[in-house]
1. Quick test of your reading of the structure: P191 fulfils all but one of (1) part of a loop (DSSP other than H, G, I, E, B); (2) touching a helix residue (DSSP H, G or I) at 6+ places or on another chain (Cβ under 6 Å); (3) open to solvent by 80 Å² or more (accessible area, probe 1.4 Å). Name the failing condition by number.
2. Out of the stretch 218-231, which residues are open to solvent by less than 50 Å² (accessible area, probe 1.4 Å) and within 23 Å of T373 (Cβ to Cβ)?
3. I'd like to verify a number: residues in the stretch 1-15 that are open to solvent by less than 10 Å² (accessible area, probe 1.4 Å) and out of contact with any His (no Cβ under 9 Å at 6 or more places or on another chain), how many?
4. Go through the stretch 199-222 and give me each residue that's within 27 Å of D182 (Cβ to Cβ) and touching a Gly at 6+ places or on another chain (Cβ under 6 Å).
5. Which residues, taken from the stretch 301-337, are over 20 Å from I398 (Cα atoms), within 31 Å of the chain's Cα centre (by Cα) and either within 8 Å of the ligand (Cβ to nearest atom) or not in a loop (DSSP other than H, G, I, E, B) (or both)?
6. Counting only residues that are within 13 Å of the ligand (Cβ to nearest atom) and either β-branched (V, I, T) or buried (at least 24 other Cβ atoms within 10 Å of the Cβ) (or both), how many does the stretch 261-289 have?
7. Under 8 Å between Cβ atoms, at least 6 apart or on separate chains: pull out the pairs that start in the stretch 259-287 with a residue that is closer than 19 Å to L226 by Cα and of a type in the set (V, I, T) and end on any residue that is open to solvent by 50 Å² or more (accessible area, probe 1.4 Å) and more than 8 Å from the ligand (Cβ to nearest atom).
Amino acid sequence: MLNGKEIVLIISGGIAAYKSLDLIRRLKERGARVVPVMTSGARKFVTPLAVGALAAEKVFTDLFDREAEHDVGHIRLARDHDLILIAPTTANLMAKMVHGIADDLATAVLLATDKPVLAAPAMNPKMWQNPATVRNLETLQKRGIRFVGPASGEMAEKGEAGVGRMSEPLEIVAAAEAVLRDQRAEAGELPLAGRHVLITSGPTHEPIDPVRYIANRSSGKQGHALAEAAYAAGARVTLVSGPVELPDPANITVVPVESAADMLKAVESHLPADIVIMAAAVADWRMASEGAQKIKKDGSGKPPALNLIENPDILATIGHHTSLRPDLLIGFAAETQNLLQNARSKLERKKADWIIANDVSPETGIMGGDANTVRLVSKDGVEDWPQMDKTDVARQIIARAAAALTGDKGS
Ligand code: C5P
């Protein structure tokens, strides 16, 4: 989500500056350009050579650098980029920002900027708790500066622990993505700004006894991709997910569940939503009663009979709900035969607005794979979509859903 974004990274003087090297890598991995500015304190902890080599950029250090002033200047550094990120942010730098002191390049950039500023503080817990810092934090937050962390844990100083550690690079990256996305949402550039989207994803696990369960091959890739696409489109997103191997997407409320019954409860408790997309492969059956003890072989050579009952149908429950039904309810139909017929009957039976139908016969490689070939089935007819990456399928579904919700016919 940082593709093409230009980020000025101000590194101030703290031991956490070593983590900024990794942060540069992470930002660049996501497609951002990183323009580093280092304070004199920062240069005592990490070298401009290392920072410049990782960023593949010139490192700016001096306010009165003839070459830089001529070429870029602090005003252009402050204005020509998308985000000013300060990592680490020392207590001293926060205090200078509060008072508008501009006695070096970093503080001059911060005083001159009209771009969003994100700060990742790092300091000794006593400095963080000091009333002066507490007050400075409040003041800066009121001015619209966003903060990520600090986290709690061990300090570099021997035997000290508490709140003051700089957040990990990936958390800072997620916070940077959130700042930039929120800015676009506020500017009215994102179609789902202010909307709530709830998505179910992954398989469910239905316990047989304390150690065994019934499951299916769903990876959660499509559902998770939908959650990320909805977030990128400006929505507040809740992802109710069965057990998957995937990392939790950033900036999204993830509600982990195991069984279909848990999933239904979680969905109901997080509604209302404007759009609900049920991409989870919910198990159709569960044990009539879950064994309290592990089922043992009884020596007869006969397997035990598993007494199954039907699970609640979450999609149908929400589809028929009088108060909780969203404006747009989308289900999936994973089939190995009679795809369209089954999708149409699900549309009616479960009272969904759209069914995204896909053929999951083993030879398609869709279950667990990265690509998907889907058909969008609605009361208006059937659309065949070409084979796409699951992330592209997700973006298309979200774009269409946003258009349907806002009455915009274009996709
Ligand atoms: O009936 P089938 O399982 O094929 O329906 C698939 C659609 O219904 C998917 O959107 C799935 O998430 C949803 N579903 C559900 N609860 C169930 C079974 C399926 O929400 N118990």
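1. Only one criterion in (1) part of a loop (DSSP other than H, G, I, E, B); (2) touching a helix residue (DSSP H, G or I) at 6+ places or on another chain (Cβ under 6 Å); (3) open to solvent by 80 Å² or more (accessible area, probe 1.4 Å) is unmet by P191, namely (3).
2. Within the stretch 218-231, S218, S219, G220, Q222, G223, H224, A225, L226, A227, A229, A230 meet the criteria.
3. 5
4. I199, S201, G220
5. Those that are over 20 Å from I398 (Cα atoms), within 31 Å of the chain's Cα centre (by Cα) and either within 8 Å of the ligand (Cβ to nearest atom) or not in a loop (DSSP other than H, G, I, E, B) (or both): N311, P312, D313, I314, A316, T317, E335.
6. Result for the stretch 261-289: 9.
7. What qualifies is I275/R195; I275/D327.
The values are calculated or read from the model by the stated rules, or taken from the named source; none is laboratory data. Please read these numbers as outputs of a predicted model, since none were measured by experiment. Here the Cβ is made from the backbone with ideal geometry for all residues, glycine too, and neighbour counts use every protein chain on show. Note: areas computed on protein heavy atoms with side chains; ligands, DNA, RNA excluded. Shrake-Rupley method; radii C 1.70, N 1.55, O 1.52, S 1.80 Å.
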